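J.: Encoded as C-alpha cells, here's the structure I'll be asking about.
The values are calculated or read from the model by the stated rules, or taken from the named source; none is laboratory data. Here the structure is a predicted model, which is why all the values come from computation and not from measurement. All Cβ positions, glycine included, derive from the backbone under ideal geometry; neighbour counts span all protein chains shown. Only protein heavy atoms, including side chains, enter the accessible area calculation; ligands, DNA and RNA are left aside. Shrake-Rupley method; radii C 1.70, N 1.55, O 1.52, S 1.80 Å.
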Amino acid sequence: MQHAASTSLYQVRRAREEDIRWAAALGQRVYQGLDVIPEATMLGWFHGNPNGFFTFWHGEQRIGNFDILPLRPAVMQLFVSGNLLEKDIRPEDLIPAAESHAIRDLHWESIVVDPAFLGARRPMTRLFEQTFLTTLAHLCPIDQVGNIYAIAASDPGERLLRRTGLSKIAEAATRLDGHPLFRGNVASYREAQTQLPAPASYGNAAAS
C-alpha cells in the first residue's frame with residue numbers, strides 16, 4: 001500500500017491491519033462502557049471491508065483514526081432505529097468491497113485523535129473535513145451514496161458532525177447506545193462546507 005505523498009506533516013492514510021490494532025488500543029483509552037469496540041470486532045470489520053478505515057498521521061506518528069461502515073440495509077435499519085449497538089455489528093453485516101455497487105447508506109462509526117498528541121489538532125480536523133468525500137469514494141462512487149449516519153459521543157464530536165453537514169434526527173434517550181443520532185448526505189456536506197471560512201492547505205487525503 002502506498003502512503004499519501006505530501007510535504008505536510010498532517011496526512012490521512014488508508015489503514016493497515018497494524019493500524020487497526022493501534023486504533024483499538026486508542027479506543028480503549030478514549031471511550032467508555034458500551035462505546036468501547038473490542039479489537040477482534042474492529043479487525044472483523046476491517047477484513048469485512050477495509051476500504052472505510054483510515055489513520056491520521058503527523059509525520060511518521062499515528063495520531064488518530066476514523067472509520068466508515070457500509071452496513072447492509074437491514075442492519076442499518078436496526079442501527080438507525082436505535083436497537084443495535086455498534087459493538088454488536090458483525091463482519092458479515094458489512095457490504096464487502098466486491099459488492100460496492102450495492103452500497104447506498106453509510107455509518108460513520110468513529111473519529112478520534114489521540115489525547116496524548118501534543119501538537120495542533122485543528123489542522124488535522126480541517127484536513128479531515130476537506131477530504132471527507134475523497135475518503136467516502138474509497139467505498140463506492142460518491143453519486144451512489146445516500147445517507148450518512150453517525151452518533152455523537154461528545155460535544156466536540158457533535159460539532160464536527162454539524163460542520164460536515166449532519167443534523168440530529170434522534171435523541172439519546174431513544175437509543176440503546178445513549179447517544180443522539182445524526183444524518184447527512186453529500187449535498188448537505190457540500191452546503192456545510194460553503195458556510196466555513198476559506199480553508200488553508202494542510203496535507204493530503206488517503207493514498208490508494
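J.: Tell me, which residue of segment 44-79 that is free of Cβ contacts under 8 Å to residues at least 40 places away in the same chain and part of a helix (DSSP H, G or I) is most open to solvent (accessible area, probe 1.4 Å)?
T.: The selected residue is Gln77.
J.: Which residue is most open to solvent (accessible area, probe 1.4 Å), if the candidates are limited to segment 123-140 and must be assigned to a loop (DSSP other than H, G, I, E, B) and touching a residue at least 12 places away in the same chain (Cβ under 8 Å)?
T.: The selected residue is His138.
J.: Still on this structure, please answer the following. Taking the condition of being within 18 Å of Lys87 (Cα to Cα), of a type in the set (A, V, I, L, M, F, W, C) and open to solvent by less than 30 Å² (accessible area, probe 1.4 Å), how many residues in segment 173-195 meet it?
T.: The total comes to 1.
J.: Those residues that are farther than 20 Å from Ala15 by Cβ and assigned to a helix (DSSP H, G or I), I need them from segment 100-122; list them, please.
T.: His101, Ala102, Arg122
J.: Exactly one condition in (1) among the hydrophobic types (A, V, I, L, M, F, W, C); (2) touching a residue at least 24 places away in the same chain (Cβ under 8 Å); (3) farther than 23 Å from Gly165 by Cβ is false for Ala120; which is it?
T.: (2)
J.: Yes or no: Gly52 modelled with pLDDT of 95 or more and either more than 15 Å from the chain's Cα centre (by Cα) or over 21 Å from Leu26 (Cβ atoms) (or both)? Steps first, answer last, please.
T.: Values: modelled with pLDDT of 95 or more: yes; either more than 15 Å from the chain's Cα centre (by Cα) or over 21 Å from Leu26 (Cβ atoms) (or both): no.
No.
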